[in-house]
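A.B. asks: Next up is a structure, given as structure tokens.
A short reminder: the numbers here are calculations on the coordinates, not readings from a lab. All of these numbers come straight from a predicted model, not from anything done at the bench. Methodologically, a virtual Cβ is constructed for each residue, glycine included, from the backbone with ideal geometry; neighbour enumeration extends over all protein chains shown.
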Amino acid sequence: MKTIYIMWLREVKRYLRSKSRIIGSLGQPILFLLALGYGLGPIFQKAGAGNYFDFLAPGIIGMSIIFTAIFSGIQMIWDRQFGFLKETLVAPVNRLAIMFGRTLGGATVATIQGVVVLVIVIIAGFRPANWGLVPVAILFMLLVALLFAALGAFVASNLDDMQGFQLIMNFLVMPLFFLSGALFPVQGLPTVLAGIVRFDPLSYGIDSFRILLVNNGIFGIGMDLVVLGSVTIVFLALASYSFSKIQV
Amino acid sequence: MEDIIQVKNLVKRFGDFTAVDDISFNVKKGEIFAFLGPNGAGKSTTIKMLTTILAPTGGEITLNGNDAATDPDAVRHSFGIVFQDPSLDDELTAEENMEFHGVLYGVPTKLRRERIQQLMEFVELWDRRKSLVKEFSGGMKRRLEIARGLLHHPAVIFLDEPTLGLDPQTRNHMWSYLEELNRTEGITVFFTTHYMEEAERIAQRIAIIDHGKIIAMGTAQELKDKTGKESLEDAFLELTGRVIREEESSVTERMRAHGRMWRGGRR
């Protein structure tokens, strides 16, 4: 327990200390909201699909969570390069506890980031359909964050340096985001694309946010919970296994 | 006296390359033991295996009565280590780095606070405890790492080239502290260095490793007598030759290349 706590505390402290990271990671969601929310809004309206800003807001929350969560996991590569990883590897503690603590820390940070984006969209005029469901939505944010922090940690355990960074960005993070239905409705898509969307765990995360925040989902909250929960467990197991195999 | 470190037929191969080739040695409890060798001889690889972060290809390691292969956590409790390159968290303060270590090693809160203050005062960093480690110089980081490595009162402390890049003042201070700990607490010190006069002055016993094999072992005097040389430096050169070796990093690179290959195959 203490191991999990101290690993968690480290992640959160590091995050709260780097003001540039907090502000920097808010730039992207705000840009998306401005450019897409206001830019595509009128067309979306004309097509009869309703208010695009309300549709987009949960997607942008999901975006900030997946980016922050995956990068918190990937940070382990920096730990490896700057040597701190060795300090945790020689410690007489369970590898699973180390992995879980740091993943939980990364997920906490990503959830904070998601909540900040939620506050920003509310300031910009977004109104949740039911305020009472907002805390439940935040719990789902934590679950989504945990899923992707574990994925990031799994990837990081298998990489030695930052050379693979671009690869992860272009072939993992970007596709996960763009093919998740964060930006467009997933009904009536070409079959191939619709299949891919159903395969992307983030689709279920964003669907759950839409159900809870704007009452407009397609998979159903039970389905979202089952998929997110089981994928999280699988990623955590994979990450712990890879972490226990790390040698320096 | 009992042997605190026992190494039997230890082997480490990276692909075709044999970094450590069937070495055996013992270190007695309370001894100051120097492990010398040219770059790429296998020093760091051996330390990594002794400290459980690298799995040997073959052989046995017993540390403080515990087998490194079957009971790594007991072994991990028994040693402290100062790595060749820094292993601190730059984004945390000096005190937080100490805290983190103390919690990981299960040192009870009250005792932890006491020891942190005592150790940080000793390495003269108590005034800087609230500073982020990234503001520290190389020497300060090294001192902090030594303090951290001792926080859980290990039976053995490993130091991998601990004085690299330190000025004579810091180096002197560090060794006098470690010698005092060795005298008063009976802590076993295992270190590597490229400074021969340091090994000659500090170490009670010396092993020289080259091309993955231990080629000589004994007191500094014994090594000098064996080679008929005046100084340990000359004895060392006599034993290991004058050819300049490839950089130590090449071993790491080889390891990494191997790692990539291996992981690539698994995916």
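A.B. asks: How far, in degrees from 0 to 90, does helix B:168-185 lean away from the longest principal axis of the Cα atoms of chain B, to the nearest 10?
C.D. replies: Between the helix axis and the principal axis of chain B, the angle is about 90 degrees.
A.B. asks: State which entries of B:Lys43/B:Lys224; A:Lys86/B:Lys110; B:Lys141/B:Lys229 exceed 32 angstrom in Cα-Cα distance in the structure shown.
C.D. replies: As for pairs spanning more than 32 Å Cα to Cα, those are B:Lys141/B:Lys229.
A.B. asks: Once you list every other residue whose beta carbon is under 13 Å from the beta carbon of B:Thr57, what net charge do they have if Lys and Arg are +1 and Asp and Glu are -1?
C.D. replies: -1
A.B. asks: Let me ask something else. Which whole-Hz ³J(HN,Hα) couplings does the stretch A:91-108 yield from phi under the Karplus relation 6.51 cos²θ - 1.76 cosθ + 1.60, θ = phi - 60°, glycine and proline marked x?
C.D. replies: Per residue, the Karplus-derived 3J(HN,Hα) values read 6, x, 9, 4, 4, 4, 5, 4, 4, 5, x, 6, 5, 5, x, x, 5, 4 Hz.
A.B. asks: On to the next question. Any aspartates and glutamates with Cα under 16 Å of the B:Lys12 Cα? List them, leaving off those in the same chain fewer than 8 positions away.
C.D. replies: Within the straight-line cut-off, B:Lys12 pairs with B:Asp21, B:Asp22, B:Glu60, B:Asp210, B:Glu248, B:Glu253.
A.B. asks: Using a 7 Å offset from the Cα along the Cα-to-Cβ direction at both A:Gln81 and B:Asp67, what is the distance between the two label points in nm, to one decimal?
C.D. replies: 4.0 nm
A.B. asks: While we're here: Near A:Thr88, within a Cβ-to-Cβ distance under 12 Å, what is the net charge of the other residues, with Lys and Arg +1 and Asp and Glu -1?
C.D. replies: Result for the local shell: +3.
A.B. asks: What distance in nm lies between label points placed 7 Å from Cα along the C-beta direction at A:Val119 and A:Tyr241?
C.D. replies: For A:Val119 paired with A:Tyr241, the spin-label model returns 4.0 nm.
A.B. asks: When Cβ neighbours within 10 Å are restricted to other protein chains, what is their mean count per residue of peptide A:7-16?
C.D. replies: Counting other chains' Cβ atoms within 10 Å and averaging over A:7-16 gives 3.
A.B. asks: Follow-up question, since we're still on this one. Please work out how much length the chain gains when fully extended from A:Thr191 to A:Met162, using 0.36 nm per residue of separation minus the C-alpha to C-alpha distance, in nm with one decimal.
C.D. replies: Length gained, A:Thr191 through A:Met162: 6.8 nm.
A.B. asks: Name the residues of the stretch B:2-39 whose amide N is less than 13 Å from a point 7 angstrom out from the Cα of B:Thr227 along the C-beta direction?
C.D. replies: Hits in the stretch B:2-39 for B:Thr227 at 13 Å: B:36-38.
A.B. asks: Return the FRET efficiency for the residue pair B:Gln169, B:Glu2: r is the Cβ-Cβ distance, R0 is 45 Å, and the value is rounded to the nearest 0.05.
C.D. replies: Calculated transfer efficiency: 0.80.
A.B. asks: What is the set of long-range amide H partners of B:Val189 at a cut-off below 5 Å, with H atoms built 1.01 Å from backbone N?
C.D. replies: Those qualifying (amide H under 5 Å, at least 5 residues apart or on another chain) are B:Glu31, B:Ile32, B:Phe33, B:Ile157.
A.B. asks: If amide hydrogens are placed 1.01 Å from N in the peptide plane, which non-local residues have theirs closer than 5 Å to the one on B:Ala216?
C.D. replies: The list, which skips near neighbours in sequence, is B:Ile208.
A.B. asks: Tally Lys/Arg at +1 and Asp/Glu at -1 over every other residue whose Cβ is under 11 Å from the Cβ of A:Pro58; what's the total?
C.D. replies: Result for the neighbourhood of A:Pro58: -1.
A.B. asks: I'd like the FRET efficiency for B:Asp21 and B:Ser176, computed as 1/(1 + (r/R0)^6) with the beta carbon distance as r and R0 of 41 Å, rounded to 0.05.
C.D. replies: 0.70
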